[in-house]
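Taking it in order: structure first as structure tokens, then the write-up.
The values are calculated or read from the model by the stated rules, or taken from the named source; none is laboratory data. The structure displayed is predicted, hence computed values, not measured ones. Every residue, glycine as well, gets a Cβ built from its backbone with ideal geometry; the counts of neighbours run over all protein chains shown. The protein model used for the area step is the full one, side chains on, heavy atoms only, and it has no ligands, DNA or RNA in it. Shrake-Rupley method; radii C 1.70, N 1.55, O 1.52, S 1.80 Å.
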Amino acid sequence: MSMRVLVVEDDLDTLEWVSNGLEEAGHTVERAADGKEGLFQAIEHDFDVIVLDRMLPKLDGLNVLRSLRAEGDGTPVLILSALGEVDDRVQGLRAGGDDYLVKPFAFSELLARLEALGRRREAPAVETVLRAGDLEMDLLGRTVARGDQQIELQPREFQLLEVLLRHKGQVVTRTMLLEKVWDYHFDPQTNVIDVHVSRLRGKVDRDFDTPLIRTVRGAGYMMRDPASEAAAQGASGR
Amino acid sequence: MPWREMSRRSAFRVAVLYSALVTGSALVVMGILYWQTAGALLREVDSTIDAEIDVLADQYRRSGLAGLRSLVSQRLERTPAGDNVYLLQDPQGLHVIGNLHAWPDEPPEPGGYVQFGLGSQPGPLSTLRPGRGRIVELPDGYRLLVGRDMLEVRVFQERVLSGLGWAMAMTVLLALASAMFVGRSIGVRVARINEAIDEIVSGDLSRRLPTRPEGDELDELTDHVNGMLDRIQELLTSVRQVADNIAHDLRTPLARLKRRLEAGLAQSEDQERHAEELEAALAEADALLATFNALLRIARIEAERRREEFGEIDVRALVLDVAELYRPLAEDAGKRLETTVAAGLSVHGDRDLLFQALANLVDNAVKHAPSGSEIRLVAEPEGATVSLRVEDQGPGIPACERERVFGRLVRLDTSRTTPGSGLGLSLVAAVARLHDGEAAIEDNRPGARAILRLPAGAGVALSAAT
């Protein structure tokens, strides 16, 4: 799913690194190197998601964000905060931001979060059933089944599977899982999340033909979406 | 000491101010004294004169001029050289009767009293004896002066004034002297403290100001300065230590990184090996980056001390969340994770930081506890604090290392081979300090007991769910 991304960053090295990386991942990128240019671009054109640095010349990042929101523009914004600044997620999110990353960050983290933000826009508001391949999760009844086999999950495992399903086809990083499933923002020293995922796999993937939960090296995890994979294969005629 | 410098000294100013105040007070006291003594005497003379005038006026009313004359004459006969002064003049200004030779030249004072000179000869007022009296205008143009000889009164007044004057002078001198003495003694103490501080700061930071047991304000100040010097030394030592540790601990991963990259370059023909080396190099770089990030995070926590985003944290929920997150990891490593959490406890703080701190402690426990053993998370009240503990049955930490282990980048020799940056406990300590609490390691007999003690919050309502 290709997105139109606006990257507003005054450090040219970072700007290029991020923009090139996003283009290589298949997205269309518009660049802006100061706050005024960024605000102008955001208002003039329509973007799926915006990457906004906090410290910008001419117009400060949070002020760009506030102006945008005041205009009624609800484009998802991911805020970047440089080292040596107050690491203030709450302030950034309150100003209207949707996600927050502190530099230096791994590009895969940025990409995963951007794609999650971009997807949010197009997804229908309320779904009661989430699906991937033959896996089906009933959010109301709190049941999970693959094919015709019921799967018993602990509450936390259910939440974990839900997040992966909601982001099917996208990378979800470990930090994202911690935030969305456990609601804490912290750096695990060890692979504590991996063990939870592997237990989930044991229940959801092990006894079935096609493994759905995929490990993405250096990034995180992804719930495969066989439907869109088949469509992509069909489209590329391979 | 040159005047300008001296006049700026607080001790000097205090001395001057003190002297001025004492002088002012003394003046007031002296004034009252004078008024009570010499002043009273004068008032008495005046009332005597008035009383005499009353008597004479009465006589005049009853017996007319003749009666008055005879009474005055009687008075004069009784005490010819006495203190009372009389003078009766007829309308032409001629002497009728009296012991005053001439009518006073001076005009009367506002109170109706008049000063005049007494004496056998007429002359300037200053050479004659002082007198004071009152003039009564009689009908028919006669005038009567009634007065008193004031010499003794004046002499008394002068004596009192002179005495008071000397007293004032002595007071001022003594005040100045004692003020300077007191001021100097304090000034000397302050100067000594300043000198000692100068010496310490420019030279040996391990010295401290000498203290006295008396405990007055200057002693308190000295104690505080010593406390500050302790803290400065602590910080300097810590900085030195960190610099040393960084050099030591981060040089190795950097060297490994370099080796991998070089090996990767050399291996450029074999694609698979090439990729392997580069991936390993990337992993080293990531580990280094993580270490630096952690260092920065700790520094930020310590420097910023931002507490506006603090909230009331449900301790039970926090501990259970940590346990739930780490249980699978612990179980896979063959260890059991148990909890003993009191309900209703809360602390005022940052939820994410506290979670991180506890998580770091649990991480350590999982790494060091032996297979099959139990790791217990405990949260319970301890007086006015909440005690959060992670207890394991591993090898424990020797008593002599239990404080050092909270320093940055400190790895015990026993753990040098296990993964970890040496910053986990530093972060715990920084979070503890930010929350006005403390972090410590105790003996779990056997094993280690890592404790985070925080001031208790207001408490949370007990929920029905366990």
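Taken over segment A:62-88, the residue count meeting the criterion of being within 19 Å of A:Lys103 (Cβ to Cβ) and modelled with pLDDT of 75 or more is 8.
Quick one: is B:Arg445 in a helix (DSSP H, G or I), out of contact with any Lys or Arg (no Cβ under 8 Å at 6 or more places or on another chain) and at pLDDT 85 or above? Break it down into steps so the answer makes sense when it comes.
On the way: in a helix (DSSP H, G or I): no; out of contact with any Lys or Arg (no Cβ under 8 Å at 6 or more places or on another chain): yes; at pLDDT 85 or above: yes.
No.
Taking into account only those residues within segment B:321-349 that are open to solvent by 40 Å² or more (accessible area, probe 1.4 Å) and farther than 24 Å from A:Phe158 by Cα, which is nearest to the other protein chains (Cβ to nearest Cβ)? Taking the candidates together, the pick is B:His348. Taking the conditions (1) without any contact (Cβ under 8 Å) to a residue 12 or more places away in the chain; (2) crowded, with 16+ Cβ neighbours inside 10 Å in turn, B:Leu361 satisfies each one other than (1). Do we have any residue at all in segment B:145-152 that's part of a helix (DSSP H, G or I) and not hydroxyl-bearing (Ser, Thr, Tyr)? Checking segment B:145-152: at least one residue is part of a helix (DSSP H, G or I) and not hydroxyl-bearing (Ser, Thr, Tyr).
Here's a check for you: in segment B:205-247, which residue that is among the hydroxyl-bearing types (Ser, Thr, Tyr) and either surrounded by 10 or more Cβ atoms within 10 Å (Cβ to Cβ) or in contact with a Pro (Cβ under 9 Å, 6 or more places away or on another chain) (or both) is farthest from B:Ser426 (Cα to Cα)? Let's see the steps before the verdict.
The initial filter retains those residues of segment B:205-247 that are among the hydroxyl-bearing types (Ser, Thr, Tyr), namely B:206, B:211, B:222, B:237-238.
Still in the running and either surrounded by 10 or more Cβ atoms within 10 Å (Cβ to Cβ) or in contact with a Pro (Cβ under 9 Å, 6 or more places away or on another chain) (or both): B:211, B:222, B:237-238.
Working: B:Thr211: 34, B:Thr222: 31, B:Thr237: 15, B:Ser238: 12 Å.
Residue satisfying both the conditions and the ranking: B:Thr211.
Within segment A:90-108, residues that are within 12 Å of chain B (Cβ to nearest Cβ) reach partners that are assigned to a loop (DSSP other than H, G, I, E, B) and among the charged types (D, E, K, R) with beta carbons closer than 6 Å, at six or more positions or on different chains, in the pairs A:Val90/B:Glu309; A:Val102/A:Asp87. The single condition among (1) at pLDDT 75 or above; (2) within 14 Å of chain A (Cβ to nearest Cβ); (3) exposed (fewer than 14 other Cβ atoms within 10 Å of the Cβ) that B:Leu288 does not satisfy is (3). Checked against the criterion of being surrounded by 14 or more Cβ atoms within 10 Å (Cβ to Cβ), modelled with pLDDT of 75 or more, within 14 Å of another protein chain (Cβ to nearest Cβ) and closer than 17 Å to A:Thr190 by Cα, segment B:254-277 has no qualifying residue. Within segment B:180-204, the residues that satisfy the criterion of being loosely packed, with under 14 Cβ neighbours inside 10 Å and more than 30 Å from B:Leu21 (Cα to Cα) are B:Glu195, B:Asp198, B:Glu199, B:Val201, B:Ser202, B:Gly203, B:Asp204.
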